[in-house]
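See below for the structure under consideration.
The values are calculated or read from the model by the stated rules, or taken from the named source; none is laboratory data. Keep in mind it's a predicted model, so treat the numbers as computed, not measured. Please note: Cβ atoms are built from the backbone with ideal geometry, for glycine as well, and neighbour counts cover all protein chains shown. SASA here: full protein model, heavy atoms, side chains in, ligands and nucleic acids out. Shrake-Rupley method; radii C 1.70, N 1.55, O 1.52, S 1.80 Å.
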Amino acid sequence: MVAPVLQMRCFCPFPFQLSCTMGQKKQRALDAKRHQSPPDRTQTPSPKELHLGPPATLGPTRSIYFSSPEGRPARLGSAFFDQPAVSLAQAFLGQILVRRLDDGTELRGRIVETEAYLGPEDEAAHSRGGRQTPRNRGMFMKPGTLYVYLIYGMYFCMNVSSQGDGACVLLRALEPLGGLEAMRQLRHALRKGAAGRALKDRELCNGPSKLCQALAIDRSFDQRDLARDESVWLEQGPPAPSEPAVVAAARVGIGQAGEWAQKPLRFYVRGSPWVSVVDRAAERDTQAGARACSHKDF
């Protein structure tokens, strides 16, 4: 099977941006038209009026990518997860993973590192060859389904299914944003060795198993729907001042996967101190590719 050719692209957390200028003009026109109607008459907008421009408040709850009960923070909905593993792995970068504990405490972290697993053709995937088992069933369920499995008999890893049977994205590292003390306590209770040493902030979620420990994610989360679950969900991250460079590197810990061990299917935010493993060679390649694209534009 010929591996797909990956193309680096600039990371942008808002893939479908609206024109604010045109939207504001259309909104003012719509508001003016509404104000011309008598105040005591109920006015029902026509289907055409409903599409004249963006809503007064542009927020993620207005997008098909989001769903949120009334009064709850906006969260990424099912449509966000319904894309191929490689594009989903990159789209995850910059988004906010939220975990609500039983006592109501909310833990938050920005995703800074992911890995894509492409399904039956991918020799490093648990679904290689198309095999389905009770353990990996989440990989074959609808996009946005969690696949949580145990490694080394003691650590959990969390994946999210994408388009394509058996395809998913592994969440590898977070930048902790909220609930750090609770994360520290959870990591202290669950980690093996060095029990007396206090963990630095950057050590809380800089690895797939550390991430699960810090958020109290275990096998009970397997096959949950990330778009609907009440205990764990994804929110769109705030816009960054500038688009961060995304590094495509080889995945970690899959040395027995032959040529697939070298394919650049791990993605991380370059320069982030929260990343689990930095690949300097891949970063140089990313820089060189960016310069080539820049020169090509002139």
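Residues in region 194-220 that are open to solvent by 10 Å² or more (accessible area, probe 1.4 Å) and not in a loop (DSSP other than H, G, I, E, B): ASP201, ARG202, GLU203, PRO208, SER209, LYS210, GLN213, ARG219, SER220. Is region 87-106 home to any residue that is open to solvent by 50 Å² or more (accessible area, probe 1.4 Å) and either within 11 Å of the chain's Cα centre (by Cα) or under 19 Å from ARG266 (Cα atoms) (or both)? No.
Note on region 225-284: residues that are of a type in the set (A, V, I, L, M) and closer than 14 Å to LEU93 by Cβ amount to 10.
Comparison of SER220, SER242 shows that the only residue that is at pLDDT 95 or above and of a type in the set (Ser, Thr, Tyr) is SER220.
Can you tell me which residue is surrounded by the fewest Cβ atoms within 10 Å (Cβ to Cβ) among those in region 221-246 that are in a loop (DSSP other than H, G, I, E, B) and among the hydrophobic types (A, V, I, L, M, F, W, C)? Explain how you work it out, then say what you get.
Here is the first cut: in region 221-246, the ones in a loop (DSSP other than H, G, I, E, B) are 222-224, 226-231, 236-245.
Going one step further and asking which of them are among the hydrophobic types (A, V, I, L, M, F, W, C), we end up with 226-227, 240, 245.
Values: LEU226: 23, ALA227: 23, ALA240: 13, ALA245: 17.
Per the stated criteria, the residue is ALA240.
Scanning region 151-174 for residues that are within 22 Å of GLU106 (Cβ to Cβ), open to solvent by 10 Å² or more (accessible area, probe 1.4 Å) and in contact with a Pro (Cβ under 8 Å, 6 or more places away or on another chain) yields a single hit, ARG172.
I need the full set of residues from region 103-160 which are farther than 17 Å from SER231 by Cα, part of a strand (DSSP E or B) and among the aliphatic types (A, V, I, L, M), in order please. Of everything in region 103-160, those that are farther than 17 Å from SER231 by Cα, part of a strand (DSSP E or B) and among the aliphatic types (A, V, I, L, M) turn out to be ILE111, VAL112, ALA116, LEU150, ILE151.
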